[in-house]
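The values are calculated or read from the model by the stated rules, or taken from the named source; none is laboratory data. Keep in mind that this is a model prediction, so the values were computed, not measured. The accessibility values were calculated without ligands, DNA or RNA, using every heavy atom of the protein model including side chains. Shrake-Rupley method; radii C 1.70, N 1.55, O 1.52, S 1.80 Å.
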Amino acid sequence: YPQANPAVRTGDDFWALDLDGLDGIRAFGQLAEQYNDLSDGPSVLTGGGGRHLYFSPDSRIRNGAKIGGHRIDVRGRDGYVMLPPSSHKSGQPYRWERPAAKYDLEAAPAWLLDLVTGGANGNGSAGPMAGSLADQPGAGKGGRNDMLCRLVGSHLREHGADGKLFDL
């Protein structure tokens, strides 16, 4: 497929914060301003006007959307991100802001890990899908079934499910 855009799987080797468009960049900028300790790891400017920030792997990171109700997505285990020189549907290319060949992956600061995992709840990370269905961004009309499945899966993982839902 010579016209295919290159992408890479996230989770094992790194995870990515996907700031969707100017709204995502602004929302994340306001959050990051409070802490002033964000790493200078690799990053990509997306063809849609957003950014991908890359961090060293962390087994707690899952995929999530609209973190904190903002246009901030997380790409962790079994996710993927597009790589430069992919072309966005807008026709604009993805391009390196801080190339992976020149910048080392760094661990995300504690405040960011709390944001994307839901913070500590006394017995481990809650995950980005914790809480009730009504509290979840994207759980409106047309998204409730998907969100409910994510909540159930997150709950089962937190309580030691081995992938077997029923013993038939």
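Numbers for the structure displayed
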read-out	value
Accessible area (Å², per residue) of the stretch 1-70, counting only protein heavy atoms and a probe of 1.4 Å	53 Å²
Cα shape, the stretch 1-68, gyration tensor, a/c 1.5 rule	oblate
